[in-house]
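Notes for the one structure printed next.
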Amino acid sequence: MLAKIKPGPLEEGYQRIMLYASGQPNDKTYAAMLASWQMERGVMPDDFGLGDEVFSELLAHHFPRLEQSSLLLPMRAKDEQRSDEAAELVKLLLMYRTNVSESEIWMAHIVAIACQGQDHLWQDMGLWSRSQLSDLLMCNFPELALLNVKNMKWKKFLYKQLCITEGIYTCRAPSCEVCADYANCFASEE
């Protein structure tokens with residue numbers, strides 16, 4: 001479900017992009033991200049970190065009649081220095097995907113690139129609420145999303161899962177509840 005926002009340029013951009021939607025499960029999420037991206041919200045690079053060709057495929061799949069040239073590019077480059085980290089996050093996400101679809105593969109790469117931002121993951125992706133991110137993860141990577149039983153912040157949760165997968169345990173507290181950083185991991189993101 002898409003969060004309600006004040007009518008304005010962001011919502012208008014979303015509505016314009018949705019006119020071209022193909023009826024796929026991730027259409028609304030990608031439309032919200034594209035609308036935000038054009039308003040220079042979030043940290044996504046010009047091709048969402050996918051490369052020009054794959055980004056064009058994403059647009060053609062989800063918005064087949066949308067002219068890519070109608071999109072305003074924020075002129076951001078991908079952080080290549082963290083590509084190994086992003087690749088590990090993609091691998092983690094793809095272990096939990098629901099189907100074998102290109103859209104899930106694209107989404108895994110986009111989530112991994114957005115994890116490199118400095119805000120909450122939903123903000124770095126250009127989404128409009130944490131619940132929208134939760135819905136995205138539940139739709140594309142449900143088994144992974146269901147592991148977040150204590151509602152940890154998504155970016156912290158993904159990195160924690162990555163550490164667990166790699167057998168790295170850096171937290172010294174016996175449980176999250178007694179950790180001095182508890183509020184940093186579990187406080188509200190809204």
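Just to be sure I understand, how many residues within the range 112-139 are touching a Pro at 6+ places or on another chain (Cβ under 9 Å) and more than 22 Å from Asp84 (Cα to Cα)?
Number of matching residues: 1.
Which of (1) within 12 Å of the chain's Cα centre (by Cα); (2) under 15 Å from Ala31 (Cα atoms); (3) modelled with pLDDT under 95 is the odd one out, the single condition Leu133 does not satisfy?
The number of the failed condition is (3).
How many residues does the range 95-109 contain that are of a type outside the set (Gly, Ala, Ser) and surrounded by fewer than 18 Cβ atoms within 10 Å (Cβ to Cβ)?
Counting residues in the range 95-109 that are of a type outside the set (Gly, Ala, Ser) and surrounded by fewer than 18 Cβ atoms within 10 Å (Cβ to Cβ) gives 5.
Identify, from the list Leu71, Leu66, the residue that is modelled with pLDDT of 90 or more and within 22 Å of Ala31 (Cβ to Cβ).
Result of the check over Leu71, Leu66: Leu66.
Please go through the range 129-144 and pick out each residue that is in contact (Cβ under 8 Å) with a residue 40 or more places away in the chain and surrounded by fewer than 22 Cβ atoms within 10 Å (Cβ to Cβ).
The answer is Ser129, Arg130, Ser131, Gln132, Asp135, Cys139, Pro142, Glu143, Leu144.
Select from the range 7-41 the residues that are among the aliphatic types (A, V, I, L, M) and in a helix (DSSP H, G or I) and list them in ascending order.
Leu10, Ile17, Met18, Ala31, Ala32, Met33, Leu34, Ala35 - these are the residues of the range 7-41 that are among the aliphatic types (A, V, I, L, M) and in a helix (DSSP H, G or I).
Ala3 passes all but one of (1) modelled with pLDDT under 90; (2) more than 19 Å from Arg130 (Cβ to Cβ); which number fails?
Ala3 satisfies every listed condition except (2).
Please verify whether Asp27 is of a type in the set (D, E, K, R) and at pLDDT below 90, treating the condition exactly as stated.
The answer is no for Asp27.
The values are calculated or read from the model by the stated rules, or taken from the named source; none is laboratory data. Owing to the predicted nature of the structure, the values given are computational and were not obtained by experimental measurement. Glycine also receives a Cβ, built like all others from the backbone with ideal geometry; neighbour counts cover every protein chain displayed.
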